[in-house]
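Asks: Below is one structure. I have some questions about it.
The values are calculated or read from the model by the stated rules, or taken from the named source; none is laboratory data. Keep in mind that what you see is a predicted model, and the values were worked out from it rather than measured. Positions of Cβ are generated from backbone atoms using ideal geometry, with glycine treated the same way; all protein chains shown enter the neighbour counts. What goes into the accessible areas is simple: the full protein's heavy atoms, side chains included, and nothing from ligands, DNA or RNA. Shrake-Rupley method; radii C 1.70, N 1.55, O 1.52, S 1.80 Å.
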Amino acid sequence: MFSLRKLLLASVALSMSTAAFAQDVTALRIGLDGGENEADQLRRSECVADPLKVATGASEVQFFPSPDYNGIIQGLLGGTIDIAIMGASSYAAVYLQDPDAVDPVLTTQQADGSSGYHTIMVARSDSGITDLASTKGKKLGFADPDSTSGYLIPKVALPNDIGASIEDFYSETGFGGGHENLVLAIVDGNWDVGTTFGSGQGDFSEGYTSGNLRIMVDKGILDMDDLVEVWKSPIIPNGPLMVSNSLPAETKAQVTAFFKALPETDFECFDAFTAGGYTNFIDADQSLYQTIIDARKSVIGG
């Protein structure tokens, strides 16, 4: 009897061990959207790989850059991307197709305690465009169809401020292939005016304290003297760090705890991963983005 009991216990233990092994996460996959060129995104993000492996027990952390936002959205929906930090409209796109696909667990915070930013519409400083009224009849470039600041918010807010539909007010509209590419295209004269993003804090002459303009200035690929600001949107909630619900609950908790602690454990890495200008991660959830979800559903659809 004793031997049989030991055999049964060993069998149960082996079964439990096998089940636990099946839940192990061998690789965590981080999606990088197409708002910036791939090499710079990878360089900024690679610092999280080794400490995230330690924090979660994952054997590997993989990065998956996408040329556009939709590639990461589809990866989150399909379960091939586990973690991504993107704009609120991208989260809304995921939520509207599958409310249970991901959880928005954290968002970034600025030094003054705020957690928002703005669409910044810019034009060449020598274009003769000085304000929103003078953009009438010009060619307007948007950053990406899944960008919050680069498309959704201008589609919602601009008609009220220009007193007309975007289609009637501008001679041409289109997409610039991401925020960085759009701004470079404006400088090159391919678009008269375009929508990107910034914190709206600090000096425009420095690209503000955070956002695409500041990233480009810090990389040495943009001189703010070449641009003029012609419109600033109402405040937009900073985008979420999303974690896939296809991960085991324990791993999700470990991932969330790792990133929430990152500003304290390695601020330089946090600063790089979030593209600079932020001081902290704070808790977030679906309710923070309900207005963006509603706006996307109304303007773009599910």
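Asks: Given the criterion outside any helix (DSSP H, G or I), out of contact with any Phe, Trp or Tyr (no Cβ under 6 Å at 6 or more places or on another chain), aliphatic (A, V, I, L, M) and modelled with pLDDT of 95 or more, identify the matching residue among L106, L76, L96, L28.
Replies: Within the list L106, L76, L96, L28, the selection yields L28.
Asks: Looking at the structure I just gave you, is F258 aromatic (F, W, Y) and surrounded by fewer than 20 Cβ atoms within 10 Å (Cβ to Cβ)?
Replies: On the way: aromatic (F, W, Y): yes; surrounded by fewer than 20 Cβ atoms within 10 Å (Cβ to Cβ): yes.
Yes; evaluated as a whole, the condition is true for this residue.
Asks: Tell me which residues, restricted to segment 48-73, are in a helix (DSSP H, G or I), open to solvent by less than 40 Å² (accessible area, probe 1.4 Å) and farther than 21 Å from F270 by Cβ.
Replies: Within segment 48-73, Y69, G71, I73 qualify.
Asks: Still on this structure: Residue under question is P263, and the condition is that it be within 22 Å of M86 (Cβ to Cβ), of a type outside the set (S, T, Y), modelled with pLDDT of 95 or more and open to solvent by 10 Å² or more (accessible area, probe 1.4 Å); does it hold?
Replies: So P263 fits the description; yes.
Asks: Is there any pair linking a residue in segment 104-120 that is farther than 20 Å from D285 by Cα to one that is among the hydroxyl-bearing types (S, T, Y) and assigned to a strand (DSSP E or B), with Cβ under 7 Å and at least six apart or on different chains, and which?
Replies: The qualifying pairs are T119/T195; I120/T196.
Asks: Looking only at segment 132-164, count every residue that is assigned to a helix (DSSP H, G or I) and either closer than 30 Å to E38 by Cβ or not acidic (D, E) (or both) and tell me the total.
Replies: So the answer is 17.
Asks: If you check G137 against the conditions, is it modelled with pLDDT of 95 or more, open to solvent by 40 Å² or more (accessible area, probe 1.4 Å) and more than 29 Å from F281 (Cβ to Cβ)?
Replies: So G137 fits the description; yes.
Asks: Here's something else I'd like to know. Report, by residue number, each residue of segment 214-250 that is open to solvent by less than 20 Å² (accessible area, probe 1.4 Å) and of a type in the set (V, I, T).
Replies: Across segment 214-250, the qualifying residues are V230, I236, V243.
Asks: May I pose another question? Identify, please: which residue in segment 181-210 is over 19 Å from T130 (Cβ atoms) and among the acidic types (D, E) and is, among those, surrounded by the fewest Cβ atoms within 10 Å (Cβ to Cβ)?
Replies: Out of the qualifying residues, it is D188.
Asks: Hey, another quick one. Pick out, from segment 165-268, the strands (runs of 3 or more DSSP E) lying fully within it that include 1 or more residues that are closer than 18 Å to S125 by Cα and without any contact (Cβ under 8 Å) to a residue 40 or more places away in the chain.
Replies: On the way: elements: 172-175, 193-198, 227-232, 240-244.
In segment 165-268, there are no strands (runs of 3 or more DSSP E) which contain 1 or more residues that are closer than 18 Å to S125 by Cα and without any contact (Cβ under 8 Å) to a residue 40 or more places away in the chain.
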